[in-house]
Amino acid sequence: MFECIDKDLGKSTTLNQWHHIFDSDYDLLSPYLRPTGDQSPVSFCPAYAQPTRQFDGSAGNEPECSSCCCRESCDFAQNTFGLWKFSPTRLASRLGSVFRLTPEPETLKDESVRIGTVRSKAEGYPAFLLKGGSGDYVKTAQNVLQNQQCPCFFITPMHCPETDQWSARYKMGYSSLEEQFEPHSFSLKRGCPDPLLKFKALNHSPADVAGAITHLVEDVRPGVFIEHSFKYIKFPDGYRVNLVRAPIRRAVVRFIHQQLAHTGCREFDVEVMRESYNDAHPKHEWRSVRIREDLFKRHPDDFDRLFDAVDKANGRYFMLV
């Protein structure tokens, strides 16, 4: 299915040929075919999808099938010359609904399709389906980006590590149908992380995704509960880190937790994290790099519940929740 989308989206041929191309995925993908109103110069054997005869427009003319198969195996009633297009906009509408985007299907010139818009509070970011093979995904994404004035979310039919790395480097969103969907299906895989959460966190306030990733805490320390706005964090033994009356400390803890959860790495550099936080919160800066001595002043036990020093002299720590 994913290979068909990658290679054949936007192409036109007869229904018999589409049966052959889509194979077992025909019932799944055929709703995204539309008649073009044009005729193919040749028709195809429904059994083997080989050209069988030339189009001459003569009514009732039924020549023998070519040597690819015997006449008895061919259903000439379905062997028509009408062209059907694998419609990018029809598929884009379906993908937009699956990914919960504001629908804006549009076929672009450079082997890409605009699926819709990622909504994050008052902001909107365009989402695109790229095609053409993993070797061309990054180039296509770069071409699309030249016409945009904001970060974009890119989807490819097949997973492409190069596109994944490029997107992360430039704070673009990225996912693939191969990663997100069950095989031979437009159903999302159970337990698969929502790629839009990371994209929104990179390009908007982390509050957008507050509480949405608390399930990741269970992977680090089972039984830890984080209140959705990070007002408190409760541990299995009953210990409670109370951040209700510490807005800056609470915002910093939430920011670090969400940044690390999205990267999949629990280790961080305090100075780098502080600069990232201050870029996102210019009106409420985290001023001191001494995270335990200043930010958690008079609350060192809370700090020790949340963080562990990896290399204190160089400001490297590990988040425990």
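The values are calculated or read from the model by the stated rules, or taken from the named source; none is laboratory data. As the structure is a computational prediction, the values presented were derived from the model and not from experiment. Note that each Cβ is placed from the backbone with ideal geometry, even for glycine, and that neighbours are counted across all protein chains shown. All accessible areas refer to the heavy atoms of the entire protein, side chains included, with ligands and DNA or RNA removed. Shrake-Rupley method; radii C 1.70, N 1.55, O 1.52, S 1.80 Å.
Using label points projected 7 Å from each Cα along Cα→Cβ, tell me how many nm separate residue 98 and residue 227, to one decimal.
That separation, rounded to one decimal, is 3.9 nm.
In the stretch 254-291, which residues have a backbone nitrogen under 11 Å from the label point lying 7 Å from residue 311's Cα in the Cα-to-Cβ direction?
Residues 269 fall inside that zone.
Expressed in nm to one decimal, what extension gain is obtained for the pair residue 242 and residue 39 from 0.36 nm per residue of sequence separation less their Cα-Cα distance?
Full extension from residue 242 to residue 39 adds 66.0 nm.
When ligands, DNA and RNA are left out and all protein chains stay put, how many square angstrom of accessible area per residue does the stretch 225-319 have with a 1.4 Å probe?
Each residue of the stretch 225-319 exposes 56 Å² on average to a 1.4 Å probe.
Amide H of residue 307: which non-local residues (sequence gap of 5 or more, or other chain) have their own amide H closer than 5 Å, using H built in the peptide plane?
Placed amide hydrogens put 320 under 5 Å from residue 307.
Taking θ as phi - 60°, what are the ³J(HN,Hα) couplings along the stretch 145-158 by the Karplus curve (6.51, -1.76, 1.60), each to the nearest whole Hz, with x for Gly and Pro?
Residue by residue, the stretch 145-158 yields 5, 4, 9, 10, 10, 7, x, 10, 10, 10, 10, 10, x, 9 Hz.
Considering amide H positions built from the backbone, and no H for Pro or chain starts, which residues 5 or more places from residue 156, or on another chain, come under 5 Å of its amide H?
Hits under the 5 Å cutoff: 130, 175, 176, 177.
How large is the charge dipole for the stretch 225-319, taken about the Cα centre, if only the Cβ atoms of Lys, Arg (+1) and Asp, Glu (-1) carry charge, to the nearest 20 debye?
Using only the charged Cβ atoms, the result is roughly 440 debye.
For the stretch 225-319, with equal point scatterers placed on the C-alpha atoms only and solvent neglected, what are the log10 I(q)/I(0) values from the Debye formula at q = 0.10 1/Å, to two decimals?
-0.24
Could you sort 297, 131 by their accessible area in this structure, using a 1.4 Å probe and putting the largest first?
Descending order: 297, 131.
Under unit Cβ charges (Lys, Arg +1; Asp, Glu -1), what dipole magnitude, rounded to 20 debye, does the stretch 88-180 have relative to its Cα centre?
The calculation lands at about 280 debye.
With 10 Å bins from zero, work out the P(r) of the stretch 88-180 over every alpha carbon pair and list the percent per bin.
Bins of 10 Å from zero give 18, 56, 25, 1 percent of pairs.
Report the one residue of 99, 130, 160 whose Cα lies farthest in the direction of the positive end of the charge dipole of the stretch 88-180 (charges on C-beta: Lys and Arg +1, Asp and Glu -1; origin at the Cα centre).
99
May I ask you to give the percent of accessible area on the stretch 88-180 that is carbon plus sulfur, with a probe radius of 1.4 Å?
On the stretch 88-180, the fraction of accessible area on carbon and sulfur atoms equals 45 percent.
Could you look at the stretch 253-321 and say what percent of its accessible area is carbon and sulfur, using a 1.4 Å probe and all protein chains?
C and S fraction of accessible area: 45 percent.
Once label points are set 7 Å from the Cα along Cα→Cβ at both residue 30 and residue 169, what is their separation, rounded to one decimal in nm?
With each label point 7 Å from Cα toward Cβ, the separation is 4.5 nm.
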